[in-house]
Structure formats: structure tokens, C-alpha cells
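I have placed the structure first, in the form of C-alpha cells, so that the comments after it can refer back to it.
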Amino acid sequence: MHWFFIFILSLSIVALLMPIFINLMEKYKILDKSGGRKIHSGYTAHMGGIVILIGFVASFCFSLIGIRYLVSIFETFSLLILLVIITIIGIRDDMNNLSPTMKLICEIIIGLCLCALNVRIISFGGFLGIYTLPVWLSYVLTIFFFIVVSNAYNLIDGIDGQAGLQAIATFGAICIFLWQLLPIEAYGEKNLNSPFFWLMIIAAMLGSIVGFLIYNWQKARIFMGDTGSLFIGFMIGISIIVCMNLNTKYNAEIFDYHIKSNLCVILCLFFLPLADTLRVFILRVRKGKSPLYPDKTHIHHLLLRVKGLSHMQCAITTFFIEIITIIIMSFLSFFLNDNWLAIVIFIYWLIYVFGLKFFVKENIKHNNK
């Protein structure tokens, strides 16, 4: 139950520090102003990702007391330093917007450093007949993956509570996966190959995000900002890659059922942000615009504008879409390998895209009556 204690500790740290941080932000007028694409009203404290990081680092460092036999000091603190740097980049972006080019360069450099720590996509596990990847291709795919995941998470952070709930869904599923792998500790794996090591990290992340969500729920007193979304986005990317590698390496089982999918089922733990980002990018390109052109066509914008849902209702709706997807794909992973599950995921994505399109049209018709 060591992991549960770490979860409670990180939650408590963030829950206690956040009101102090909010008061400081309000005192010094470091606030996020409404307008443009932003759909909140008035001024709201932001950069809550700073407190999320503090809660995560403090609780995880405390957990090192119990897992010191699994720890390489160099790897552990290199990882923590990179996460602090990621958060600093987010702070800089929140304080004075970084250009897209500079932000991309920073993400590539961080991705390279993570690859050097061996946090990278090592194998496809037989998907499309591909097993171990050449090192150069592993680096390229991993860096691209980090960029996609971190930006997808940033784009889903559009309304109160939604980004937090999406992270909870993903990290919660990863937590269950890692917990089921704990018996392999008998093989003496260390640090970045140890499920117990990563379970402590995920528990610390979950607690910090739950603590933040208390103050980010409608009506939010604080936003995580790019400070939080960049940090959490990279942590999601790191966690997914770690789980892919562990799943491929150990031929994992969940509740005594063998998982036939090595990669695709793990990707589905972050399905909605990736699926909606792809949908929006394709929609923008079809309109002759840049994929990065800002607009209000994400799922939460449609639920707010067309269906008239509140922030809370939208966040809960997208949360249950993610949870249902995780359950469906996890079940199918016991019967389908990656080649077949990839086809199912593509069909599922098409159902999502055209289902959302139909939903919007029907509600517009109803509203016009």
C-alpha cells in the first residue's frame, strides 16, 4: 500500500498549498484574462502546474525511502530535473508566449534527453511485422510521439476540470496496469524498467492532479496553464512509452488474462485527446487552414455551444467517453493483436468523428426549431 500513501501525500500537499498559491497570484495580479478563444469570464489565477509539480516531486522523493533498492540516483534525478525544466518552459510560455518554433525546439531537446535516459519506443512488438527498432528510428518516433501527446493534452485543456479528469482516466488505467505487473519485481529490475518504481511516480501524479482538480472544478479558481499541461502531457507520454515497453517485454497479463496487444491498447489509454486533435487538424486542413490554426471546434467547444452543457457536464461527458473507450479496448486486447486492434481503433475513431458530426447537426436543427 506504499503507493496509496504516496497518492494521499501528494494530494494533501497540493490541496494545502494551492489556496496559498492562488492568493499570491491574485495579490501580484498574475492572472489569466478572458477573451479571444478563452471561454472563461473575468480574471483567473493560472500556472497551477507549479503546485502540481511541487506536490509530485515532494511525494515522489519521499517514496524513494521505501524503494531505494530499485533506485539509480543518476537516472532518478535526471528524470526529475527534466520534468522541472519542462515546467519552467511552461512558466515561460504562460508569462510571455513562446513562439511555436521555440516551443517546438524546446520539446525536441527534452525529447532527446528522455531518449538518452532510455525512455523511448524500443520495439513495435510485432505490429506490422516490426520488432526491435533501429536506434535512430526509435529516437525520431519517440520525439514525435512526445510532441503529439503533449500538444494533444494542451488542446484538451479548454474548460474547467476537463484536462484534470482526462489525466486521471489515463493515469488511473496505467496505475492498474503497473499494479498487475508488480510480481515481475522478482527479476530484480531497476529504475526505468521497474513497474514498482513507475507505480510510485504515477501515484504521485494522480494525487497531485486530484488535489489540483479541487480548485479547478467549475467555477475554477485556478488553471493549470501551459505550465501544467506541458508537464502533465510529457508525463503522460513518458508513462505510455514505459507501459508499451513493459507490455512488450513481459508479455503482460491483466487479472490473469494475457494481453495480445502490445502497443495499441496502451495508446487507447489516451484515446480522446489524440482522436479529437486528429479530427480537428483534418477539419482545419479541409478548410484550407493550417492544422495549428486556433478555433473552437474541439469536442468541449461543441458540447458547450451546441448542446448548451456547463463546464462540469462537458468535463464529465468527455471523461466517461474516455473511460468507456479504455474498457472496450482493454477487453478487445485480450482477443486481438495490434494489427487487428489498430483496424478496430480506426473504425472506432470514424464512429467518433461521424457520430459527433451527426450529434452537432441534430442539435443545431433542434435549436433552430
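Rule-based calculations on the coordinates, nothing more; no lab input. Everything numeric here is computed off the predicted structure, so don't read it as measured data. Because the Cβ atoms are built from the backbone with ideal geometry, glycine has one as well, and the counts that use them run over all protein chains shown.
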Under 1.5 on a/c is rounded, so check that first for the stretch 136-265, then, if it is not, pick prolate when a/b is larger than b/c and oblate when it is not; a ≥ b ≥ c are the square roots of the alpha carbon gyration tensor eigenvalues.
prolate
Place a +1 charge on the Cβ of each Lys and Arg in the chain and a -1 charge on the Cβ of each Asp and Glu, then give the dipole magnitude about the Cα centre in debye, rounded to the nearest 20.
1360 debye
Residue-wise, which Karplus ³J(HN,Hα) couplings in Hz belong to the stretch 103-117, taking 6.51 cos²θ - 1.76 cosθ + 1.60, θ = phi - 60°, and x for glycine or proline?
5, 5, 4, 4, 5, 5, 5, 4, x, 4, 5, 5, 4, 5, 7
Would you work out which of TRP340, ILE105, TYR293 lies farthest towards the positive end of the dipole of the chain, given +1 charges on the beta-carbon of Lys and Arg and -1 on that of Asp and Glu, about the Cα centre?
TYR293
Lys/Arg +1, Asp/Glu -1 at C-beta; the chain dipole; positive extreme among PRO183, VAL51, ILE67
VAL51
In order over the stretch 209-214: 3J(HN,Hα) from phi, Karplus 6.51/-1.76/1.60, θ = phi - 60°, whole Hz, x for each Gly or Pro, gives 6, 4, x, 5, 4, 4
What's the center-to-center distance, using Cα atoms, between the stretch 321-367 and the stretch 205-261 in Å?
21 Å
Dipole of the chain [Lys/Arg +1, Asp/Glu -1 at C-beta], most positive-end residue of LEU350, PHE231, LEU80
LEU350
I need the peptides 316-328, 7-19 ranked by packing, meaning the mean over residues of other C-beta atoms within 10 angstrom, with the highest value on top.
7-19, 316-328
Using eta = 1.306 mPa s and T = 10 °C, Stokes-Einstein with Kirkwood Rh from Cα pairs puts D for the chain, in µm² s⁻¹, at 75 µm²/s
